1. Could you please let me know if residue 61 is at positive phi and of a type outside the set (A, V, I, L, M, F, W, C)?
2. Looking at the stretch 166-182 only, could you name the residues that are under 20 Å from the mean Cα position of the chain (by Cα), surrounded by 12 or more Cβ atoms within 10 Å (Cβ to Cβ) and farther than 14 Å from residue 49 by Cα?
3. Hey, among the residues in the stretch 168-202 that are modelled with pLDDT of 95 or more and in a loop (DSSP other than H, G, I, E, B), which one's nearest to residue 46 (Cα to Cα)?
4. Might you let me know whether the stretch 28-46 holds any residue that is of a type in the set (A, V, I, L, M, F, W, C), within 24 Å of residue 140 (Cα to Cα) and within 17 Å of the chain's Cα centre (by Cα)?
5. Please indicate, with yes or no, whether at least one residue in the stretch 143-162 is part of a loop (DSSP other than H, G, I, E, B) and of a type in the set (Asp, Glu).
6. What single numbered condition from (1) buried (at least 16 other Cβ atoms within 10 Å of the Cβ); (2) under 25 Å from residue 103 (Cβ atoms); (3) polar (S, T, N, Q) fails to hold for residue 185?
7. Tell me which residues, restricted to the stretch 100-153, are in contact with a helix residue (DSSP H, G or I) (Cβ under 6 Å, 6 or more places away or on another chain), of a type in the set (Asp, Glu) and open to solvent by 20 Å² or more (accessible area, probe 1.4 Å).
Amino acid sequence: VLLAPYPFADAERIVAVWQTNVKIPNATQPVSPGNFMDWKTRARSFELLAAAEPYSFDWVGPEGPEAFEISFVTEDFFPLQGLRPLLGRTFVPAEFSPGKDNVVLLTESLWRTRFGGDSSIVGRTLILDTVPRVVVGVMPEDAMRPFDAKMWVPKRFQPEEMTTRTGDYWQVLGRLAPGVSLAQSQGEMDGVAAQLATEFPA
């Protein structure tokens, strides 16, 4: 860490946030959408809180069909990291809205190996799972890649999943608010978890 510090802005403020299963001591697990939504509403320890959801897209390239692991990410995912794209830009708030989310960001490795490091890739349309998506940027290899994703796509919430607590499949990252310690944040989240356990005992 001393020789190669993390490239993120104020990296010491970035934390992973997990659920725990009270039936399994010290066990952590991915997060349900409903819990994430309540954390965002109730927790004050975080300046930003973001989630990534695993998925995969099929792309038909010159050598035939290929499946790519991707992550649907929420609006704060890239601002939380504070990294500059190699090319283009990251997602803008409007692209998390229905009808405007047909955009994609590529990892540096995918851009180099599958698209030859072509600097004109930004603005190109890729057909991913039969859906046209416009490449808006390329992120450096240092960018966080939950689930070993090769691409990122804006997460558009479905109404039914915003209250789902039985599906545990999101990876959640937080940026602590200025002046908030890890211990303070843990204490607050313990309280939030206790509230949710009372409200949703199942």
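The values are calculated or read from the model by the stated rules, or taken from the named source; none is laboratory data. Predicted model, so just to flag it, every value in this text is computed and none were measured. Here the Cβ is made from the backbone with ideal geometry for all residues, glycine too, and neighbour counts use every protein chain on show. Ligands, DNA and RNA are excluded from the accessible area calculation, which covers all protein heavy atoms including side chains. Shrake-Rupley method; radii C 1.70, N 1.55, O 1.52, S 1.80 Å.
1. no
2. Answer for the stretch 166-182, where residues must be under 20 Å from the mean Cα position of the chain (by Cα), surrounded by 12 or more Cβ atoms within 10 Å (Cβ to Cβ) and farther than 14 Å from residue 49 by Cα: 167, 168, 169.
3. 177
4. The answer is no; no qualifying residue exists.
5. The initial filter retains those residues of the stretch 143-162 that are part of a loop (DSSP other than H, G, I, E, B), namely 143-145, 149-150, 155-158.
Next, from what is left, pick out any that are of a type in the set (Asp, Glu): none.
Checked against the condition, which is being part of a loop (DSSP other than H, G, I, E, B) and of a type in the set (Asp, Glu), the stretch 143-162 yields no hits at all.
6. Checking residue 185 against (1) buried (at least 16 other Cβ atoms within 10 Å of the Cβ); (2) under 25 Å from residue 103 (Cβ atoms); (3) polar (S, T, N, Q), the one that fails is (2).
7. Result: 141, single match.
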